[in-house]
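Asker: Input: one structure, supplied below.
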Amino acid sequence: MTCDLLAPLADRLTSGAGLEVYNPGDGTLIATVGICDETELAQMIVAADHARSDWARRTAQERADLLRRWHALVLEHLEELAEIVTLESGKPLAEARSEVRYGAGFIEWFAEEGKRAYGEIIPSHHSGKRLLTLRQPVGTCAAITPWNFPVAMITRKVAPALAAGCSMVVKPAEATPLSALFLELLAHRAGIPVGLFAVAPTTDPAMAGRVFCTHPLVRKLSFTGSTRVGKILMAQAAHQITRLSLELGGNAPFLVFDDADLDVAADAVLVAKFRNAGQTCVCANRILVQDSVHDAFVEKLVARVARLKAGDGRLAETDIGPLIDAGAARRVGDLVRRAVELGAEVRCGGTGAGGAFLDPTVLTGVHAGMPIVQSEIFGPVAPVMRFTDEAEAIALANATPYGLAAYMFARDMGRVWRVMEALECGMVAVNDGALSTEVAPFGGIKQSGLGREGSRHGLAEYLDIKYAMLGALGT
Ligand code: ADP
């Protein structure tokens with residue numbers, strides 16, 4: 001089955017040395033991908049820059065036509081792409097299918113939004129002068145993407161870049177280059193020029209980061225990944241003031257107040273915490289529950305989580321696939337063990353089938369001093385903490401260097417507004433567990449990053465403002 005699935009990528013695979021891609025479910029080798037070295041990466045940047053001039057001269061409508069064709073091809077090949085995503089990332093097929101639809105959504109949305117890159121006419125400060133702004137593509141761009149959404153994290157960068165008139169070279173995550181190569185293939189089949197959008201797999205991500213930040217033709221780098229690597233890239237970008245978008249780690253609080261609908265909140269944990277086995281940057285990392293409803297909420301939560309089934313992502317009954325590799329499962333398992341040593345209680349889960357598997361887990365009796373609430377868990381573990389009042393909830397929620405997403409459950413409108421405004425983060429979901437959509441701005445504050453993806457703000461990341469002043473016009 002794998003052979004048929006990967007047949008279209010045959011010329012990107014190798015029987016020799018290269019980037020080995022493994023199935024996290026059973027540890028088997030799926031394929032070995034050909035890689036590019038420093039010289040080849042630099043050549044791809046030059047080719048992207050070359051392709052860009054013609055692309056930027058086309059009308060937004062012409063660019064949109066090709067993007068829409070790409071969008072249609074992605075949907076036409078939804079099933080194959082989803083199978084590849086499941087094969088290399090482990091996520092359940094149903095989630096992989098939603099990711100492909102979500103990822104395709106960015107292509108369609110930005111195809112349209114590219115037509116609306118309006119400038120402005122500014123009322124003049126002087127009678128003989130006229131002031132206006134143009135919005136122009138920033139130029140040749142690069143992206144470094146993670147393995148947790150191997151399709152969507154690429155389309156949400158590439159689609160706005162191309163729609164704006166930029167070119168883009170993408171270095172995909174080492175664990176998931178096959179989805180990226182399949183997307184690239186479909187883009188080229190759609191008529192998007194070869195070279196304008198290119199995928200560059202490598203086994204040396206640090207080299208790619210260095211080249212992207214120091215190559216004189218790269219005007220912008222968009223990165224999604226850890227705060228640790230984001231800091232390295234930000235320091236390197238200082239070299240030539242490369243424009244950056246950074247979508248980094250999170251430590252999302254999930255606040256349940258005493259006036260919340262506890263069933264709605266417990267259902268939302270399944271989405272906000274357990275989607276993709278807890279491996280998303282907006283995953284609820286700390287479940288904070290008001291004292292008076294703590295026990296009732298925990299009971300509802302445990303009943304739901306205990307029903308989730310961990311297993312091979314290719315099986316229809318699986319809710320929770322493997323983590324990305326066995327090392328990730330060990331790291332998350334260690335966080336659980338350390339929490340238990342410090343007084344937490346395992347209410348369900350806590351172990352796993354071995355390898356990359358970990359059963360969905362709920363911990364209670366968790367407190368702010370435990371490593372499990374200070375670090376980004378990136379696994380299917382929900383640590384529950386208590387709070388007494390609004391002020392304590394806000395203080396606990398904000399007690400982190402991260403500021404990506406937050407979730408809050410309450411029905412009092414005054415409380416909803418007060419807490420929503422006080423939370424230090426880029427995104428808040430009120431009475432819901434799912435935030436992400438191509439039509440809204442996704443991004444963080446504090447050490448969760450810079451810039452926004454999705455929505456018209458996501459297009460602006462790939463446009464420079466040029467101010468023009470026309471003088472000597474007479475009065
Ligand atoms: P994670 O821990 O989720 O894998 P990383 O930040 O390590 O997060 O990885 C996200 C992306 O960053 C991947 O594509 C990875 O290859 C890349 N990466 C890792 N180290 C570096 C580096 N030093 N410079 C540039 N990119 C890097």
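Asker: Only one residue in R189, R219, R228 is open to solvent by 10 Å² or more (accessible area, probe 1.4 Å), assigned to a strand (DSSP E or B) and either basic (K, R) or within 11 Å of the ligand (Cβ to nearest atom) (or both), so which one is that?
Answerer: Unique residue meeting the criteria: R219.
Asker: Continuing with this model, one more query. Across region 366-378, which residue is least open to solvent (accessible area, probe 1.4 Å) among those that are within 16 Å of the ligand (Cβ to nearest atom) and either more than 30 Å from P146 (Cα to Cα) or not hydroxyl-bearing (S, T, Y) (or both)?
Answerer: It comes out as I377.
Asker: Within region 266-279, is even one residue within 11 Å of the ligand (Cβ to nearest atom) and either without any contact (Cβ under 8 Å) to a residue 24 or more places away in the chain or open to solvent by less than 40 Å² (accessible area, probe 1.4 Å) (or both)?
Answerer: Checked region 266-279: at least one residue is within 11 Å of the ligand (Cβ to nearest atom) and either without any contact (Cβ under 8 Å) to a residue 24 or more places away in the chain or open to solvent by less than 40 Å² (accessible area, probe 1.4 Å) (or both).
Asker: For region 379-468, please list each of the strands (runs of 3 or more DSSP E) lying entirely inside it that holds at least 2 residues being crowded, with 17+ Cβ neighbours inside 10 Å and modelled with pLDDT under 95.
Answerer: In region 379-468, there are no strands (runs of 3 or more DSSP E) which contain 2 or more residues that are crowded, with 17+ Cβ neighbours inside 10 Å and modelled with pLDDT under 95.
Asker: Among the residues of region 353-378, which ones are among the β-branched types (V, I, T) and either in a loop (DSSP other than H, G, I, E, B) or without any contact (Cβ under 8 Å) to a residue 24 or more places away in the chain (or both)?
Answerer: Correct list: V366, I377.
Residue-by-condition table, conditions (1) under 23 Å from the mean Cα position of the chain (by Cα); (2) aliphatic (A, V, I, L, M):
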{"residue": "T14", "(1), (2)": "no, no"}
{"residue": "G27", "(1), (2)": "no, no"}
{"residue": "A31", "(1), (2)": "no, yes"}
{"residue": "L67", "(1), (2)": "yes, yes"}
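Asker: Let me ask another. Out of A60, A82, report the one residue that is touching a Lys or Arg at 6+ places or on another chain (Cβ under 6 Å) and within 19 Å of L9 (Cα to Cα).
Answerer: Every option except A82 fails the conditions.
Asker: Select, from R314, R337, the only residue that is assigned to a helix (DSSP H, G or I), assigned by TED's automatic domain parsing to the domain that holds L423 and among the basic types (K, R).
Answerer: R337
Asker: Can you name the residue in region 353-364 that is more than 26 Å from the chain's Cα centre (by Cα) and open to solvent by 20 Å² or more (accessible area, probe 1.4 Å) and, of all such residues, is nearest to G327 (Cα to Cα)?
Answerer: Per the criteria, the residue is G354.
Asker: Pick from region 192-209 the residues that are of a type in the set (A, V, I, L, M, F, W, C) and under 17 Å from L73 (Cβ atoms): which of them is nearest to the ligand (Cβ to nearest atom)?
Answerer: Looking at residues that are of a type in the set (A, V, I, L, M, F, W, C) and under 17 Å from L73 (Cβ atoms), I get V199.
Asker: Would you list the helices (runs of 4 or more DSSP H) that sit entirely within region 52-164 and hold 1 or more residues that are over 28 Å from N276 (Cβ atoms), out of contact with any Leu (no Cβ under 9 Å at 6 or more places or on another chain) and open to solvent by less than 20 Å² (accessible area, probe 1.4 Å)?
Answerer: Output list reads 60-76.
Asker: Further question: Report whether or not S179 is more than 10 Å from the ligand (Cβ to nearest atom), under 15 Å from the mean Cα position of the chain (by Cα) and assigned by TED's automatic domain parsing to the domain that holds A31.
Answerer: Judged against the criteria, S179 is a match.
Asker: Further question on the same structure: Quick check on this structure: which one of Q240, Q236 is over 15 Å from the mean Cα position of the chain (by Cα) and assigned to a helix (DSSP H, G or I)?
Answerer: That would be Q236, the only listed residue that is over 15 Å from the mean Cα position of the chain (by Cα) and assigned to a helix (DSSP H, G or I).
Asker: Then there's this: If I filter region 105-112 for residues that are more than 16 Å from the ligand (Cβ to nearest atom) and over 29 Å from K466 (Cα atoms), do I get at least one hit?
Answerer: Yes, because at least one residue in region 105-112 is more than 16 Å from the ligand (Cβ to nearest atom) and over 29 Å from K466 (Cα atoms).
The values are calculated or read from the model by the stated rules, or taken from the named source; none is laboratory data. Not measured: the values here are computed from a predicted model. Cβ: placed from backbone, ideal geometry, glycine included. Neighbour counts: every protein chain shown. Quick note on the areas: whole protein, heavy atoms, side chains included, nothing else; ligands and nucleic acids left out. Shrake-Rupley method; radii C 1.70, N 1.55, O 1.52, S 1.80 Å.
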